[in-house]
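Working notes, beginning with the structure itself.
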Amino acid sequence: MPAAAPATAPAVSGKRARLVGIDRYQHVSGLQGCVNDVQLMQRLLVDRFGFPPDQVAVLTDAAATRAGILAALDALVAATRPN
């Protein structure tokens, strides 16, 4: 019989996500739905898969610069611990 998981084990605290959706590029036109897609994915991760809302970062359009994306990934790595 398998041993039960320890009561102190965090259920979902290790779940984190970074989502990027860009509809407005400087030199590209006609993109639609990317921002909507990441907003829907954020809701799915939180509502269905138990991600803590404050651990799902969403970068869209002007915030989704190279620097912004790299900073979000750096924050993800900094918050990640073993187990």
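The values are calculated or read from the model by the stated rules, or taken from the named source; none is laboratory data. What you see is a predicted model; the values in this text were computed from it and never measured. So basically every Cβ, Gly included, is an ideal-geometry build from the backbone, and we count neighbours across all protein chains shown. Accessible surface is based on the protein model in full, side chains and every heavy atom, while ligands, DNA and RNA are left aside. Shrake-Rupley method; radii C 1.70, N 1.55, O 1.52, S 1.80 Å.
Residues that are open to solvent by less than 50 Å² (accessible area, probe 1.4 Å) and without any contact (Cβ under 8 Å) to a residue 24 or more places away in the chain do not occur anywhere in the range 52-65. Of the residues making up the range 36-83, just one is of a type in the set (S, T, N, Q), in a loop (DSSP other than H, G, I, E, B) and within 30 Å of Gln26 (Cα to Cα), namely Thr65.
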